[in-house]
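The values are calculated or read from the model by the stated rules, or taken from the named source; none is laboratory data. What you see is a predicted model, and the numbers here were worked out from it, not measured in a lab. No Cβ is skipped: glycine too gets one built from the backbone with ideal geometry, and neighbour counts run over all protein chains shown.
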Amino acid sequence: MLKHMIIHGRVQGVGFRMTAKQLADTYHIEGQVQNKQDGTVEIIASGEEENMTPFIEKIRQGPSPAARVQHVDIKDIDGPANYKGFRVVG
């Protein structure tokens, strides 16, 4: 299962990418996370459905009280998941 997520809200400068990395490692998710110029955070995530579901739930909660996730756009991506591990980009 391969997902593309855009997280909207107060999600930059609040530890969001590092929390996403920790969650990905916990739930055996591969892919990447990066800040976008428009103030959103983008995640590309690959993993089994039983791991992806709790990962997405935790992403929706945000990393800390300083963060405020307004909403998460999620799309399924077709194609191979050529990721090894999970990395923070930029």
Residues of region 35-51 satisfying the condition of being closer than 13 Å to TYR83 by Cβ and out of contact with any Leu (no Cβ under 7 Å at 6 or more places or on another chain): ILE43, ILE44, ALA45, GLY47
Could you please tell me which pairs satisfy a Cβ distance under 8 Å, a separation of 6+ or placement on different chains, a first residue in region 26-37 that is within 11 Å of LYS3 (Cα to Cα), and a second residue that is outside any loop (DSSP other than H, G, I, E, B) and hydroxyl-bearing (Ser, Thr, Tyr)? ILE29/SER46; GLU30/SER46; GLY31/SER46
Of all residues in region 53-84 being under 18 Å from TYR27 (Cβ atoms) and touching a helix residue (DSSP H, G or I) at 6+ places or on another chain (Cβ under 8 Å), the one that is modelled with the lowest pLDDT: PRO63
Residues of region 31-90 being surrounded by fewer than 13 Cβ atoms within 10 Å (Cβ to Cβ), touching a Gly at 6+ places or on another chain (Cβ under 7 Å) and in a loop (DSSP other than H, G, I, E, B), which ones? SER64
Would you pick out the residues in region 53-83 that are in contact (Cβ under 8 Å) with a residue 24 or more places away in the chain, more than 16 Å from ILE6 (Cβ to Cβ) and within 12 Å of the chain's Cα centre (by Cα)? PRO54, LYS58, PRO63
By residue number, the members of region 1-30 that are outside any helix (DSSP H, G or I) and more than 17 Å from LYS84 (Cα to Cα) are MET5, ILE6, ILE7, HIS8, GLY9, ARG10, VAL11, GLN12, GLY13, VAL14, GLY15
